[in-house]
Amino acid sequence: MKRIRAFTLIELMVVMVMSAIVFTIAYYAYRTVSSFQVNQTAISMKIEQYRSLNRLMENDLMDCDIAIQQSERELKLMSKKRGDLSYLFGDNIVTRTTSDNLTDSFYVHFAQPNIASKYLIPDDKIVSEIELYLIFHDNPITFHFQKLYAAERLINKKIEYRRNDLH
């Protein structure tokens, strides 16, 4: 009788156990990499929120004719060319609203809920500097914005653009 060469039952069991170990290691490696990718994506999205807020506020302040602080949590930017913009600073959100009622929302964490402002003229609402104190992953971040007005406006102190909106 001719003997057929084959694997024994023990050899098959050893191969199955080794395969199970390799598959388990591969599964946990995949899960770790996938979890890391999800965390990195979330961090990248938060960074983009902060960068977009910084860029938009900087551009909006530069392009506006006058910046007025309506309240501790609201900033109004008036422009004859582009129309008015409004920034509302909530607890963990900044909402930017255009004159066309288009809104952008930025989810940020504030270290201090109010905006810190310096005024062009004392006892007036016209803003020359703004600081936002934010927190990103337990690290404080300060956004500093400066509104530069034309020299003629500063010398003559003629700010006639919608003066009645101030009161």
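Between amide H atoms placed 1.01 Å from N, distances below 5 Å from Q112 occur with Y133, all of them 5 or more places distant or on a separate chain.
A simple rule links phi to the HN-Hα coupling: the Karplus curve 6.51 cos²θ - 1.76 cosθ + 1.60 with θ = phi - 60°, which for the range 72-89 gives 4, 10, 9, 10, 10, 10, 10, 9, 6, 6, 9, x, 7, 10, 9, 10, 10, 9 Hz, with x for Gly and Pro. Projected over every direction and averaged, the convex hull enclosing the alpha-carbon atoms of the chain yields 17.1 nm². Using R0 = 30 Å, the C-beta based FRET efficiency linking E58 and Q37 works out to 0.45.
For V127, the residues whose modelled amide H falls within less than 5 Å of its own, excluding neighbours fewer than 5 places apart on the same chain, are A67, I68, Q69, L120. With a cut-off of 16 Å on the backbone N, the residues of the range 86-114 near the modelled label site 7 Å out from N139 along Cα-Cβ are 109, 111.
No value in this document is a laboratory result; all are computed from the given coordinates. Since this is a predicted model, take the numbers as computed values, not measurements. With ideal geometry, Cβ positions are generated from the backbone for all residues, glycine too; neighbour counts draw on all protein chains shown.
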